[in-house]
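What follows draws every value from the coordinates through simple rules; no lab data is involved. Quick caveat: nothing in here was measured; it's all calculated off a predicted structure. Here the Cβ positions follow ideal geometry from the backbone for every residue, glycine too, while neighbour counts run over all protein chains shown.
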Amino acid sequence: MVSSGHTEDAYLRGFARFLGNRSIDLNLKVCPEAPARIVEYAQRLADHLDDDFDETWCVVDVDNYDIRTGARRASELKVELVVSNPCFELWLLLHFEACTCHLAKCKDVERMVRKHVPTYQKAKLLFADFENGLADACERARYLERDGGAYPNPSTGVWRLAERIMERKASR
């Protein structure tokens, strides 16, 4: 799994520890690039690792990037692309509350997260602050994508990755 930032990395590492299943290996890498470049990097990693991993996922924020090109490359290379619009912090917010209003800036979302986790810092994310709201976050994120549009604001596909990881844990 390749992400565009350290917040995503810290959350997913904490999530993996929370699940406590050593048969699931999340090979996490951070690559702060445009989505198409992240997808290509992830595919090169997957090719290098041969058959050690079953699936390749990339987690990105919309930021000011061309998501459509990244989505096209992901489809071509058989890489799962998880997009958060406007940012990954939306996923964190959904652990505590529903949010359907347009979110212009990530800083605004971070402020909303701090209402629930006053000590929240991007660089020092603790999964324990979010673990109790995981099921709610999945449900709320699924709702945001109900219309099937291309990455509306707000939306996050992190629920797909979270559910896939939990599904893989249950099947092992």
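Going Cα to Cα from Lys29, which aspartates and glutamates come in below 12 Å? Please leave out same-chain ones fewer than 8 positions away.
Cα-Cα hits under 12 Å: Glu8, Asp9.
All other residues with a Cβ under 11 Å from the Cβ of Pro35 taken together, and with Lys, Arg as +1 and Asp, Glu as -1, what is their net charge?
My count for the surroundings of Pro35 gives -1.
Cut-off 10 angstrom, C-alpha nodes, Gaussian network model of the chain. Which of Cys101, Cys31, Cys58 fluctuates the most?
It is Cys101.
In straight Cα distance, which aspartates and glutamates are under 17 Å from Lys78, not counting same-chain residues fewer than 8 positions off?
Glu40, Asp47, Asp50, Asp51, Asp52, Asp54, Glu55
Over the chain, what is the relative contact order in whole percent, taking alpha-carbon pairs under 8 Å and six or more residues apart?
26 percent
Under the Kirkwood approximation for Rh and a Cα-based Rg, what ratio Rg/Rh is obtained for segment 122-172?
Rounded to two decimals, Rg over Rh is 1.03.
Counting only pairs 8 or more residues apart or on different chains, how many lysine pairs in segment 85-172 have their Cα atoms under 17 Å apart?
Lysine pairs, 8 or more places apart or on different chains, close enough: 6.
Can you give the calculated 222 nm mean residue ellipticity of the chain, where each DSSP H run of n ≥ 4 adds -39,500 (n - 2.57) and the sum is split over every residue, rounded to the nearest 500 deg cm²/dmol?
Value at 222 nm, helices only: -14000 deg cm²/dmol.
Please name which of Ser155, Gly14, Pro118 has its Cα lying farthest along the dipole of the chain towards the positive end, using unit charges on Cβ (Lys, Arg +1; Asp, Glu -1) and the Cα centre as origin.
Pro118
For Cα pairs less than 8 Å apart in space and 6+ apart in sequence, what is the mean separation divided by the residue count of segment 95-166, i.e. the relative contact order in percent?
Relative contact order here is 38 percent.
Under 4.7 Å Cβ to Cβ, no partner at all: give me those cysteines from the chain, in residue order.
Cys31, Cys58, Cys99, Cys101, Cys138
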